[in-house]
1. Tell me yes or no: at least one residue of the range B:15-22 is surrounded by fewer than 22 Cβ atoms within 10 Å (Cβ to Cβ), of a type outside the set (S, T, N, Q) and in contact with a Lys or Arg (Cβ under 9 Å, 6 or more places away or on another chain).
2. Cβ-Cβ distance below 7 Å, separation of 6 or more or different chains: which pairs start in the range A:74-100 with a residue that is without any contact (Cβ under 8 Å) to a residue 40 or more places away in the chain and end on one that is surrounded by fewer than 20 Cβ atoms within 10 Å (Cβ to Cβ)?
3. Six or more apart or on different chains, Cβ under 6 Å: which pairs go from a residue in the range A:45-60 that's of a type in the set (A, V, I, L, M) to one that's assigned to a helix (DSSP H, G or I) and modelled with pLDDT under 80? Could you list them?
4. In this structure, does B:Leu134 turn out to be at pLDDT below 90 and among the aliphatic types (A, V, I, L, M)?
5. When you look at B:Leu174, is it over 24 Å from A:Phe51 (Cβ atoms) and without any contact (Cβ under 8 Å) to a residue 40 or more places away in the chain, yes or no?
6. Among the residues of the range A:201-218, is any in contact with a Phe, Trp or Tyr (Cβ under 6 Å, 6 or more places away or on another chain) and either closer than 23 Å to A:Ser87 by Cβ or not in a helix (DSSP H, G or I) (or both)?
7. Search the range B:43-56 for residues being more than 7 Å from chain A (Cβ to nearest Cβ) and touching a residue at least 12 places away in the same chain (Cβ under 8 Å), and hand back the single one that is nearest to A:Leu177 (Cα to Cα).
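The values are calculated or read from the model by the stated rules, or taken from the named source; none is laboratory data. Note that the coordinates shown come from a computational prediction; the quantities given were computed from them, not determined experimentally. Please note: Cβ atoms are built from the backbone with ideal geometry, for glycine as well, and neighbour counts cover all protein chains shown.
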Amino acid sequence: MKNSLLESTSFHTRHAWFNIREQFSDIPTALASNALIPFFVWILSRVWERFNSHQANFTLNEIIIYIAITELLFMTFVRLPSLNRASGDFSLSLARPRSWLMTSFSGFFGRSLGGRIFMLIILTFTIPLLGAKAGDIFTASLRLFILLPWLGIIQGLFSLFFANAQVLWHQTNYFLLPFGKIFLVLGGVWGPIADFSEPWRSFVLKLPPSDIFFQPAYFCIKGHFYQTTPTEWVLRTGVLVISLVVINIIFFRVAKERHQAFGG
Amino acid sequence: MNSVKLLFLALKYHFDAQKSNPMNLIAGTIGMIINNLIVLWGLWVMLFDGKPNGGYLTIYFLSLNAMITIAWGSLLFFVGGFRSLGEYIEEGSLEPMLSTPRNPLLLVGISQSSTPALGDIIQGFCNIIALVFLGHHAIAGKTLFFAIASGIGFLSLFILAGSIPFFVKRGNALAQLFIECNLSLSFYPSGKIFTDYGKYVLLLTPAAFTGLLPMNAIEHATLMNSSITLGASCLFLFVACRVFGMGLKRFQSSNSMALRN
C-alpha cells in the first residue's frame, strides 16, 4: 500500500514536471501566442490612468505590474485545449491502472505552472518598456513565485472541474467563455478591485475570484493582502480547494457511471 | 443578382444546420449573452459607476458596446467565413473557391456562420433598447445607423488582415494578432482614453474605422462627420479588397510541386 502510494506520487510528480517542461519546448509558438499580453497591459494601464488614477490607490508603475500579473494568471487559467486534452483522454483512462482525476490534475498543474513561469520571464523583459521600474518588477516576481504552486493547485482543480463537466455535458464548451469572463471581471484582472465603487467593491472582495487574481497581484506589488491577513487568505483559498476536490470527485463518479464510449 | 441569391441560400443552409442542433444554438447564444453582460457590468463598475462624469460615459459606453456587438456579431453570424480568411489561405481551403466563376471573397464569407455570434447581436439590440428606455432615442438611432459603418470597417479589417498570409509565411498568427489588437482598441472607450497625439495615432489604425470615427459621428452627428465616417469605411473596404486582389496574384497552390537542387 505504502509502495503503491509512493510509486503513484512519483509518477504524478514526473508527469507534472514533464508538463512544465513542455511549455518551454516550442518557444517561437509560445512567444507568438503570448505576444498580445504586453499590448493588453499597455492599453489597460492607459484605461486605468484615464479613469481611476485620481483615486491615488496606486501609481502607474504599480498598475503596470499589477495588470501584467493578473493577465499572466488569467491567460493560464482555464484553457480549452488543455480541457479537451483531459476530457479526450477519459475513455482510454478507464482501461488504465492510473486515476484519470490525478493524471489530469498533475497535467493541468504542470501546464499552468510552466506557462506562468514562461510568461513571467517574458513580462520581466517587456514591461520595463511600458514604464515599470525593473527593481519593482523583480520584487513582485519573487513574491509571485512564492504563490505560484498554491495558485497552480487552485487552477488545476478549476480546470479539472471543467474537464469533468465536459465529459458529462458537451455544451459546457460554450460556457467556458462566460466563466472566464466572470473571473476576469470579478477577479479584478482589468483593474484593481480596490478602485471599484461601493457597494460593489465589498461584495466582489467576498467572492473567490478576488482571492485567486486580485489578492495575489495586490500582494505582489504591495507586500501585503488587501483588507485581509495572509492566514485568512490561506483559509479562504483552502476552503475553495476542499470544495473543488469534493465537487470533482462527485462529478467524476457521475461521469464514469454515465459515460458511453463510441466504437470506431 | 446571382450572388445575392447565393448569399440567401447559404444563410438558409446555415440556419437549417443550426436548427438541427437546438441545444448547441441555445447554449452558444446564452453563453455569449452572459459573457457580454458580465463584461458590460464589469467595465461599468470599474470605470464609470460613481466616477466624475460617469453618467455621460455610461451612455457613451452603452452606445459603443451596442455598435461593436451588432457590427461584429452580424458579420460573424451572416458571413463568418471572413474571420477565417487567413486560415483558408494558409491551409489551402481557398483553392477550391478560386476554381468557380463566383467571387472568391463572397464564397469565403458565406462558408461559415458562428453560432455564439447570435448572442452578440441580441446583446447589441438589448443595449439599444436600454438607450431608448433611458431616454436617449437619438443616440440609439445613430448607434444603429453607424453600426453599418463599423461593420464595413470590421469586414475590411478581416479582409486586410486575412490577406497577410499571401505576403508572409505562416502569416495567419500575425493576422489574428492584428484583428485582436484592433478589436480591443475598438471595444475599450479609446476615444475617451487617448487625447491629442494618442488620438491621432489611433486614427492611423483600423480601429479608427471600426470604433473611433463612428463613435465620433454618434457624438457629433453633423453631415460632414457622417459623410467622413461612411466614406472612410468604404475607402478602407476598397483598399482591403485591392490588397486581397494583389495577394491573390501571388497565391501559390498548397499542393504545387517545386523542383529542388
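1. No; the residues of the range B:15-22 include none that is surrounded by fewer than 22 Cβ atoms within 10 Å (Cβ to Cβ), of a type outside the set (S, T, N, Q) and in contact with a Lys or Arg (Cβ under 9 Å, 6 or more places away or on another chain).
2. Listed pairs, sorted by first residue: A:Ser93/A:Thr103.
3. Matching pairs, first to second residue: A:Val47/B:Ile193.
4. On the way: at pLDDT below 90: yes; among the aliphatic types (A, V, I, L, M): yes.
In short, yes.
5. Numbers: over 24 Å from A:Phe51 (Cβ atoms): yes; without any contact (Cβ under 8 Å) to a residue 40 or more places away in the chain: yes.
The answer is yes for B:Leu174.
6. no
7. At the first step, the residues of the range B:43-56 found to be more than 7 Å from chain A (Cβ to nearest Cβ) are B:43-44, B:48, B:52-56.
The next check asks that each one be touching a residue at least 12 places away in the same chain (Cβ under 8 Å); those that pass are B:43-44, B:48.
Working: B:Leu43: 17, B:Trp44: 19, B:Phe48: 24 Å.
Across the range B:43-56, the extreme among qualifying residues is B:Leu43.
Quick grid of which residues meet (1) at the interface with chain A (Cβ under 9 Å from one of its Cβ atoms); (2) modelled with pLDDT under 80; (3) over 22 Å from B:Val79 (Cβ atoms):
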position	(1), (2), (3)
B:Met1	no, yes, no
B:Lys5	no, no, no
B:Phe8	no, no, no
B:Tyr13	no, no, no
B:Asn21	no, yes, no
B:Met32	yes, no, no
B:Asn36	yes, no, no
B:Trp41	yes, no, yes
